[in-house]
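The values are calculated or read from the model by the stated rules, or taken from the named source; none is laboratory data. Since we're looking at a predicted model, the values are computed, not measured. Methodologically, a virtual Cβ is constructed for each residue, glycine included, from the backbone with ideal geometry; neighbour enumeration extends over all protein chains shown.
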Amino acid sequence: MDTDTTNSPACHPWLVLAALCSGLFMAMLDNLVVGTALPSIGDRLHTGTAGLQWVVEAYGLVYAALLLTGGALGDRWGRRPVYLAGLGLFTAGSAGCALATGLGELIGGRAVQGLGAALLTPGSLAILRQVFPEDRERARAIGIWSGVSGSGLAIGPALGGPLVSHFGWAGVFWINVPVGAAGLALAARVLPRLPRTAGAHLDLAGQVTGAAGLGALVYALVEGPVRGWSAPLVLGAAALALLALSAFTVVELRAPAPMLDVRVLTHRITGTAAWAGFTASFGFFGLGVFLTLYLQNVLGLSPARAGWAMLPATVATGVTAVTAGRLCARHGPRLPLAAGLTLIATGLAFLTGYGAGARYPEFAWLMPVLGAGLGLTFTPISIAVLGAVPPARAGMAAAMVNTFREVGGVAGVAVLGAIVTTRAPAMSGTTTPEAARAFVAGLHGAVLAGAGCVGLAAVMVLALMRAPRDGKPGAPLMGRGATTTPRR
């Protein structure tokens, strides 16, 4: 039997939220802070672009590959211990990165950070699902949770520069150590001991095939634009991804307690929400890389000014994520989600009106539009999915949502990058007018493709996420292996 109660009745839910937000803030802050340190890392560790690329990719590859595993382990072993293990690993990985004296050590530390984040992120949402059993309070809590995520992204570019200037590249990793230690101490004290799924095995076949398939897929998407889509390593990774994910689907359909209930993806509410998360990340994060190139290589902004130019988008994400939680508490997730997707699609489409001769103040208004769209999107997605599954499967559902977002962002960079490079093969050093115009033409084609995908997702949300005619949410989506037992 499912239950929303905990074994720690004295625990204050909003104090639990504060503990979870501290770990999430650290993980989100790390995403963009590391980018500001890459030039310094290259100089100190004597590595080129390929090495620096893996400093970024090692985290994303491990994170995407193991998110589903992290959610499943939390459902089966208990979310509190798995969350604490994830936060501890992320903190230890940060210290390892800061102490690295070579590229291999740094990449290894980033992989440990990715593993910690894969355990930490789905567990965080799953704990919220049970600590806030009432729909309205849970919607507000998820809005705050998402707002903290956006705040971490917003502060990253502004904080990274001073950290590198005063403490060197290791400073962007050292900052995580005291924050992580404090968050770990708080979480160990306030997180309740939640129910876990009873009688479920580890689904080793699902974990192996899922991790292999997602890891190979992310590798192919990341390396395709660099090595070429016909390169043997890329084709091999794509083939492995197809085979492993096909095997994963077969395994999960037959497993008595699957780590991912496939019915969650075919359900009209949860499946549509997962697709919306994929497309939002596809359009927004796919744009991010190439918009930075446009600001620096075409418009001539310095790296610091280009970072500040993106700040209104990330600040708007944090602010509107909190507002989205309140809107969902009153009106449900469907309309806020559709509005957010529409804002992203509109912002992407309007970017095509600015070319090589534009100035940033002319289109600066689009930055908060895009950021607000993202904030209005991610909060309703989490609310919709967590509200449609029983508490015992909340970790699995949270992991699914984050996996779709992560893969969507990687796919956006790969696919939109391929569109850009068809017009401008040399994506750096676009200083001549001809090269600038070619790059802008490719960028316009890419953002139109992204706008089309996101706009289609908005239509799907409006059409498929309608509430039943009686106005009641209906029974939650029950998966196999959904029973729980209190931890002893």
The lone exception for LEU299 - which of (1) free of Cβ contacts under 8 Å to residues at least 12 places away in the same chain; (2) closer than 28 Å to TYR354 by Cα it fails: (1)
Complete set of residues in region 89-107 that are buried (at least 22 other Cβ atoms within 10 Å of the Cβ) and β-branched (Val, Ile, Thr): THR91
First in region 163-179 and of a type outside the set (Gly, Ala, Ser), second anywhere and modelled with pLDDT of 85 or more and not in a helix (DSSP H, G or I), Cβ under 8 Å, 6 or more apart: LEU163/ILE175
Yes/no for PHE132 being modelled with pLDDT of 80 or more, out of contact with any Leu (no Cβ under 9 Å at 6 or more places or on another chain) and aromatic (Phe, Trp, Tyr): no
Flag if THR101 is outside any helix (DSSP H, G or I), more than 21 Å from MET26 (Cα to Cα), out of contact with any Phe, Trp or Tyr (no Cβ under 8 Å at 6 or more places or on another chain) and at pLDDT below 85: no
Subset tally (residues that are assigned to a helix (DSSP H, G or I) and either among the β-branched types (Val, Ile, Thr) or closer than 30 Å to LEU204 by Cα (or both)) for region 254-281: 18
Options ALA18, ALA92, ALA65, ALA10; residue that is at pLDDT 85 or above, of a type outside the set (S, T, N, Q) and farther than 27 Å from GLY318 by Cβ: ALA92
Region 316-338 - residue that is crowded, with 20+ Cβ neighbours inside 10 Å and aliphatic (A, V, I, L, M) and, of those, farthest from SER382 (Cα to Cα): ALA316
Residue ID - nearest to ALA58 (Cα to Cα), chosen from residues in region 211-240 that are surrounded by fewer than 17 Cβ atoms within 10 Å (Cβ to Cβ) and touching a residue at least 24 places away in the same chain (Cβ under 8 Å): VAL226
Residues that are among the basic types (Lys, Arg) and under 22 Å from ALA446 (Cα atoms), drawn from region 325-375: ARG359
Tally of residues being of a type in the set (Lys, Arg), in a helix (DSSP H, G or I) and surrounded by fewer than 24 Cβ atoms within 10 Å (Cβ to Cβ) across region 357-393: 0
Residue under evaluation PHE350, criteria (1) closer than 20 Å to GLY450 by Cβ; (2) in a helix (DSSP H, G or I); (3) in contact (Cβ under 8 Å) with a residue 40 or more places away in the chain, criterion not met: (3)
Which listed residue, of MET396, MET427, is closer than 30 Å to ALA58 by Cα, at pLDDT below 80 and not in a helix (DSSP H, G or I): MET427
Test: residue in region 57-75 that is among the hydroxyl-bearing types (Ser, Thr, Tyr), closer than 16 Å to MET396 by Cβ and more than 16 Å from the chain's Cα centre (by Cα): no
Residue among GLY300, GLY318 that alone is under 30 Å from LEU159 (Cα atoms), of a type in the set (Gly, Ala, Ser), out of contact with any strand residue (DSSP E or B) (no Cβ under 8 Å at 6 or more places or on another chain) and part of a helix (DSSP H, G or I): GLY318
